[in-house]
There are 2 protein chains.
Amino acid sequence: MAIIFSRKCELGIQAVLYLASAEGRDIISSEEIANELKIPKEFISKILQELTASRIIASKKGKMGGFSLAKNPNKIHLLDIVLAIDGSDIFSKCVLGFPHCSSETPCPMHATWSQLIDETFKMLSEETIDNYKNKVLRKIESLK
Amino acid sequence: MAIIFSRKCELGIQAVLYLASAEGRDIISSEEIANELKIPKEFISKILQELTASRIIASKKGKMGGFSLAKNPNKIHLLDIVLAIDGSDIFSKCVLGFPHCSSETPCPMHATWSQLIDETFKMLSEETIDNYKNKVLRKIESLK
DNA sequence: TTTTAATCAGACAAAAACATCTGATTTATA
DNA sequence: TATAAATCAGATGTTTTTGTCTGATTAAAA
């Protein structure tokens, strides 16, 4: 089966969007995020740790601890999260799995695929969490 | 790590392109394909079996047996191979992994992502094996 | 008719991704 | 100061994907 983003990356984006949507409320626990997004607490905790290490979000330990965005949501791009969790392979690796695929030794699909990937990269690097944070609450409603 | 096509799908496209590039030569063994593409014979054999079952390629059993395209290369689209091996999830599943994502209950990225996926679908459904078969030989040269 | 060389089918093995568990550490509050 | 509630770190378990192996079947050629 083909996939675009790993499960960890999907949930990482969901979680960051949820944190952005909770503006005004200082700190959110991993338990609340897990409950709202209907995903396992243990798994999202691991992902939140990775995002904290990448300084996309910040954590506060101890009682009343939890997570918050590390910067203004209009400064966090979708691309930041994708690179932090999945890395850059999707943008650089050969779509047909050939080794050393480049414009010098292109695979058959290199030219056509590059265009689509460039567009995808552009979108992810331009769109910010701020642009999406309101939409996530509506989606969460539909999960209930 | 994120991926687009599964490894089986990558190699499936490679193999079909190789068969297309060998026009005039009636039948090609899985061993030749494996040697040329520098991939394990056993693995590509399994993939060739799947492509045979989907009637994208045809097989001939027994001594001097092997594989050939099941139809004219300008009738085989990249999409046919992707659907046969990876299915349609990549075109229909939510990019953020939410359940039941649609234009009625869209995820935050639904609209932007749909555009990119539609373009990708269009490309894969329009481009034929015929358009790419010559390029694969040049790529194979670079593997040697 | 026997041998040889190929695909086919299904079981098996290894690696990666996904998910969970346990215990340590941190910090607010009673 | 003791307790409770949170993150953190690392080990462990499970599932999926990737890759391999074995034996059966098929068909060409000696």
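The values are calculated or read from the model by the stated rules, or taken from the named source; none is laboratory data. Values in this document were obtained by computation on a predicted structure and should not be read as measured data. Positions of Cβ are backbone-derived with ideal geometry, glycine not excepted, and every protein chain shown enters the neighbour counts. Quick note on the areas: whole protein, heavy atoms, side chains included, nothing else; ligands and nucleic acids left out. Shrake-Rupley method; radii C 1.70, N 1.55, O 1.52, S 1.80 Å.
Before moving on, here are some points about what is shown:
- For the condition open to solvent by 40 Å² or more (accessible area, probe 1.4 Å), in a helix (DSSP H, G or I) and aliphatic (A, V, I, L, M), residue B:79 does not qualify.
- Check on residue A:23, within 14 Å of chain B (Cβ to nearest Cβ) and of a type in the set (Asp, Glu): no
- Residue A:95 meets all of the listed conditions (1) touching a Ser or Thr at 6+ places or on another chain (Cβ under 7 Å); (2) within 22 Å of residue B:7 (Cβ to Cβ) but one, namely (1).
- Answer from B:14, B:49 - the residue that is open to solvent by 50 Å² or more (accessible area, probe 1.4 Å) and not in a loop (DSSP other than H, G, I, E, B): B:49
- Residue tally, condition away from chain B (no Cβ under 14 Å), in contact with a helix residue (DSSP H, G or I) (Cβ under 8 Å, 6 or more places away or on another chain) and away from DNA strand D (no atom under 12 Å from the Cβ), over segment A:26-53: 0
- Set side by side, the residues B:69, B:143 differ, and just one is at the interface with another protein chain (Cβ under 9 Å from one of its Cβ atoms) and open to solvent by 20 Å² or more (accessible area, probe 1.4 Å), which is B:143.
- Positions within segment B:75-97 being at the interface with another protein chain (Cβ under 9 Å from one of its Cβ atoms) and either touching a residue at least 40 places away in the same chain (Cβ under 8 Å) or in contact with a Lys or Arg (Cβ under 6 Å, 6 or more places away or on another chain) (or both), in sequence order: B:78, B:82, B:85, B:86, B:90
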